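Every number in this text was worked out from the coordinates using simple rules, so none of it is lab data. Here the structure is a predicted model, which means the values were calculated and not measured. Methodologically, a virtual Cβ is constructed for each residue, glycine included, from the backbone with ideal geometry; neighbour enumeration extends over all protein chains shown.
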Amino acid sequence: MRLIAGVTGILLALGMGSAAAAESSVREAYVDVPMPPGFKVVSTELEGPVFADSRGRTLYKWPIVSLRNGYAGDPKDKSACEDVVTTKTGGYMSPYPGGLGLPDLDSRKSCVALWPPVVAQADAKPVGDWSIIKRSDGTLQWAYGHQPLYTSHLDQSPGDVLGGTGLFRRGGDTPAERIPVGPPSALPPGFRIEGTLNGRMLVNDKRYSIYVSDADAPDKSNCTTEACLQRWLPVLAPETAQPRGEWSIVQRSLGVRQWAFRKQPLYTYMRDTRAMSYDGGDEPGWHNVYAQPGPAYPKSFTVQNTTYGDVLAERNGKTVYFYTCGDDSADQLSCDTLDSPQQYRMAICGGGDWARCHELWHFVPAAADEISQGSVWSIISVDPKTDRQAAEGQAGAVRVWAFRGRPIYTYSGDEQPGEFRGHSMGEWQGRRNGFRAFWLRVI
Amino acid sequence: MWAALAVTSLTASMALADGSQSIAATRTIGYVTTDLHWAFYQTADVDKDCPQGLAGYGPRETFKALYPNGGPVANTQLARESLKFFPNDKQMQFPYIFAKGNIGVGVNLDGKVGPNDYVSPTGEKGIDNALQKVLGCNAQFRQPEGQLQLFGNKFVRTSTWNRTLIEISNVDDLSNSDDVAVTIYRGRDPVLLDATGEGVAPGGTQRIDMRWGKPIIQHLKGKIVDGVLITEPIKEGIYPWAIYNDVPTLLNWRDMRLKLTLTPERADGLIAGYMDVESYYTWLTAWSTHHLSYGRLDPAEFYWTLRKMADAYPNEKGEMTAISSALTVNLVQAFITHPEADAMEGGRKVTDARH
């Protein structure tokens, strides 16, 4: 999968892209925007098309956001990420004051060390939405859409997007995240793409789900009866709309035109009462639409029905959780990786007690015959004595499943499949420093 | 189909407005939950209700007292956050203010009149509501501006998790029925807002969630006396109430029962029983420490108070594990469609009172 993604990325970067290449590998098509020399677009499993540097490293932005007690991130055309090791908390997250000592100062890195700015050469010229800003040390940095660009020290291979994601962001409770930057999706007006664990979901401009029917033929709608049309609303194309790329237009009747994507006529579901719904897909023969599917989770995993919806679980049906953490410094550095300070996780998983943490929260072991499925769902080796990542084959190390390079967990408080007692355990309902279940669909 | 359904609902609403005559057809009526508040008696005079003042040691205050000079984040902020999830790690450290007074809202759960019981505002003795003593002097729980009562209640109408339905069947009429069956379901549909966009109108339709909501289904038996539904307690009951986005929390009761004044349009009253202490603590701490600061409610301190005031269901050590409590609940009439009816195309079978 990773190789295919890489190849796809290269094809797209060479300008062979957009619709045709993306369709052949079921990847999200994008608008072929002008780029400075040395940059390209890489198609990724979770985030869709993203910009990358000449080495294939994903580019990120750090947009300024409002936290509970102030703002963090880059304002327009200015980088707030400096090559200085921050030593105190910023007091961004009520009710705690700032000025508390950050952990592991002897090994703490600066923002620049973990998020190297994408350097622009002195003779670089702005192109399209790409511009150049001057950093506080006088060096030049590329920006896109007025947002300074960075790479992540976590990304090692082309297509890796381990540094940050906007998938779980929610208001001022989550940290000020670094988010991958990519070209606009190739969509007609009135549509957009939303990232989900299930795939890059096609929705309308009100974020309501778009559906297709198995009963339709290529570029032909068979939803013409009153019974069908009482439930399904064809997504109409205006008179001036033209087919382009993966998008075509179905003539329902004289003057009534309907959008089709990959030759499948599109609908919204009359019974949907909220954005990004899956309810229409419960109707036999009807499906949500994805510009590209989500990364396949490990084959041994299961999906469990719970009172709150469908959740991802390991082979025995126990709910799996990811741990997420951002510190309260001005840098808003991640504390959810194995190379970051572990004090945050230990506080939540064991009340600061290492043994209790291990008793309550378990890594999800990978079977000997299981292999990584890409960079999103991968198998890593962990030294259980230190909880640090170990070299593969290191004595005493355990092979465990990871999501975005971070280990996932089960919770001992869950006794039966479908239980999710560990969900939201942590600071700010687990969004700031804690555990969240992998919800594939909620009620 | 939607037009047809709307007409059906309208017709049914009109029939209901005529009184309980419409019940005769199906002997059933459904309601959807619109409001939940903890039942704590209060007057407009906070000094009278709480002569020692309102709760004074919340997360900000305890932090300031414990760490006046700050310190490493691991030993300060993270230490306090970890106590939220491991409250047994440290005993109570600060004074706690209890509600005084002898008037309380709730139900006489044990059928006795004890020294710690309240008298209801209407003069009924033996009201069991120890939770009122614990939280009655916390600003967060005082109405109308108390943050948890205010925002927690807002989620009742907006969260599908909180879409709890009550269906009463075997109804002779809404004034008196000797033997009725009460079933609790989860609904799948948004509530029907009235013209103001704020209130909930009767006459909406609710499909039962049989895919994820089966564990919510509970059966109670009861009777209607002078327009008041009184159910027998069930040994273990649950009532979903998420008070924050994407944090699905349940209230776990022992001896849960309902006491609701019924009309064709509304049902208002109490859910009462002994609240499992651990369940209640988990429910409340779904709010972040920041949110709990609104009412100066330090989670770890609160945990010990809750355990101390628990008054039922002792464990093997003799420690009480549940606390007497009550919720005020408001519901409006809704047509509850059952799964077999959902599958019908066109005209739908609605098991509520209609026509």
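What number do you get for segment B:2-342 when its Cα radius of gyration is normalised by 2.2 N^0.38 Å, N = residues?
Compared with the compact-globule rule of thumb, segment B:2-342 sits at 1.05.
Could you grab the relative contact order for chain A? Cα pairs under 8 Å, six or more apart, rounded to a whole percent.
14 percent.
For a 27 Å ceiling on Cα separation, which of these pairs sit above it: A:Lys263/A:Lys299; A:Lys318/B:Lys84; B:Lys48/B:Lys90; B:Lys112/B:Lys133; B:Lys125/B:Lys317; A:Lys206/A:Lys299?
Listed pairs above 27 Å: A:Lys263/A:Lys299; B:Lys48/B:Lys90; B:Lys125/B:Lys317; A:Lys206/A:Lys299.
List the GluC sites (Glu not before Pro) in segment A:342-443 that DSSP assigns to loop (not H, G, I, E or B) and whose Cβ has at most 13 other Cβ atoms within 10 Å. Which are they?
Those satisfying the criteria are A:Glu392, A:Glu415.
Only loop residues by DSSP count here, and only those with at most 16 other Cβ atoms within 10 Å; note down the trypsin sites (Lys or Arg not before Pro) in segment A:357-439 that meet that.
Answer in residue order: A:Lys385, A:Arg421.
Taking each residue in B:81-92, count the Cβ atoms of any other chain within 10 Å of its Cβ, then average. What number comes out?
Across the residues of B:81-92, the mean count of other-chain Cβ atoms within 10 Å is 5.
On a straight-distance basis, which aspartates and glutamates could pair with A:Lys109 in a cross-link, Cα separation under 20 angstrom, same-chain partners fewer than 8 positions away excluded?
By straight Cα distance, A:Lys109 reaches A:Asp74, A:Glu82, A:Asp83, A:Asp137, A:Asp155, A:Glu177, A:Asp327, A:Asp328, A:Asp331, A:Asp336, A:Asp339, A:Asp387.
Ranking A:Tyr344, A:Tyr411, B:Tyr96 by Cβ neighbours within 10 Å, fewest first, what do you get?
B:Tyr96, A:Tyr411, A:Tyr344
For segment A:302-442, which semi-axes, largest first and in whole Å, follow from the square roots of 5 times the eigenvalues of its Cα gyration tensor?
For segment A:302-442, the semi-axes come out at 21, 20, 14 Å.
So which lysines pass the test for B:Lys214, namely a Cα distance under 17 Å, with those fewer than 8 places away in the same chain ruled out?
none
Work out how far the C-alpha atoms of segment A:191-293 reach from end to end along every principal axis, then list the three figures in whole Å, largest first.
38, 31, 22
Please enumerate, by chain and number, the aspartates and glutamates with C-alpha under 16 Å from the C-alpha of B:Lys64, excluding those fewer than 8 residues away in the same chain.
Once the sequence-local aspartates and glutamates are set aside, what remains near B:Lys64 is B:Glu81, B:Asp298, B:Glu301.
In nm, what is the difference between 0.36 nm times the number of residues separating A:Met270 and A:Arg356 and their Cα-Cα distance?
26.0 nm
How many partner chain Cβ atoms sit within 10 Å of a residue's Cβ in peptide A:99-106, on average, as a whole number?
Neighbouring Cβ atoms belonging to other protein chains average 4 per residue here.
Under the √(5λ) rule applied to the eigenvalues of the Cα gyration tensor, what semi-axes describe the equivalent ellipsoid of the protein assembly as shown? Give them in Å, descending.
One finds semi-axes of 47, 38, 22 Å for the protein assembly as shown.
What longest range of chain B stays clear of loop-exposed GluC sites (Glu not before Pro) (DSSP non-H/G/I/E/B, at most 11 other C-beta within 10 angstrom)?
The longest uninterrupted stretch comes out as B:1-144.
When N is the residue count of segment A:181-223, what does its C-alpha Rg come to as a fraction of 2.2 N^0.38 Å?
So segment A:181-223 has a normalised radius of gyration of 1.37.
Have a look at A:Thr86, A:Thr240, A:Thr268 and tell me which one the Gaussian network model of chain A (Cα, springs below 10 Å) gives the largest fluctuation.
A:Thr240
Skipping prolines and chain starts, which residues have an amide H placed within reach, meaning under 5 Å, of the one on A:Ala366, given they are 5 or more residues away or on another chain?
Answer set, sorted by chain and number: A:Arg399, A:Val400, A:Trp401.
Could you list A:His146, A:His423, B:His290 so that the one with the fewest beta carbons within 10 Å of its beta carbon is first and the one with the most is last?
The most exposed by this proxy come first: A:His146, B:His290, A:His423.
Pick out which of A:Gly326, A:Gly199, A:Gly98 has the largest mean-square fluctuation in a Gaussian network model of chain A, springs linking Cα atoms closer than 10 Å.
Fluctuation is largest for A:Gly98.
Normalising by the residue count of chain B, find the relative contact order in percent from Cα pairs under 8 Å and 6+ residues apart.
26
Can you give me the angle between helix A:2-11 and the longest principal axis of chain A, using Cα atoms only, in degrees from 0 to 90, rounded to the nearest 10?
Between the helix axis and the principal axis of chain A, the angle is about 60 degrees.
Mind checking the mean number of beta-carbon atoms from other chains within 10 Å of the Cβ atoms in B:286-295?
4
Connecting C-alpha atoms closer than 10 Å in a GNM of chain A, tell me which of A:Val235, A:Val256, A:Val181 has the biggest fluctuation.
A:Val256
If the convex hull of the alpha-carbon atoms of chain A is projected onto planes in all directions, what is the mean projected area in square nanometres?
Taking the Cα atoms of chain A, their convex hull projects to 23.0 nm² on average.
What list do you get for A:Asp104, A:Asp74, B:Asp35 if you sort them by fewest beta carbons within 10 Å?
Ordered by Cβ neighbours within 10 Å, fewest first: A:Asp104, B:Asp35, A:Asp74.
To the nearest 10 degrees, how steep is helix B:2-17 against the longest Cα principal axis of chain B, on a 0 to 90 scale?
Roughly 80 degrees, rounded to the nearest 10.
Which value at 222 nm does the protein assembly as shown reach when only helices count, each DSSP H run of 4 or more adding -39,500 (n - 2.57), with the total divided by all residues and rounded to the nearest 500 deg cm²/dmol?
Helix-only estimate at 222 nm: -4000 deg cm²/dmol.
Could you work out the relative contact order of segment A:71-129, using alpha carbon pairs under 8 angstrom and six or more residues apart, expressed as a whole percent?
Reported as a whole number, the value is 29 percent.
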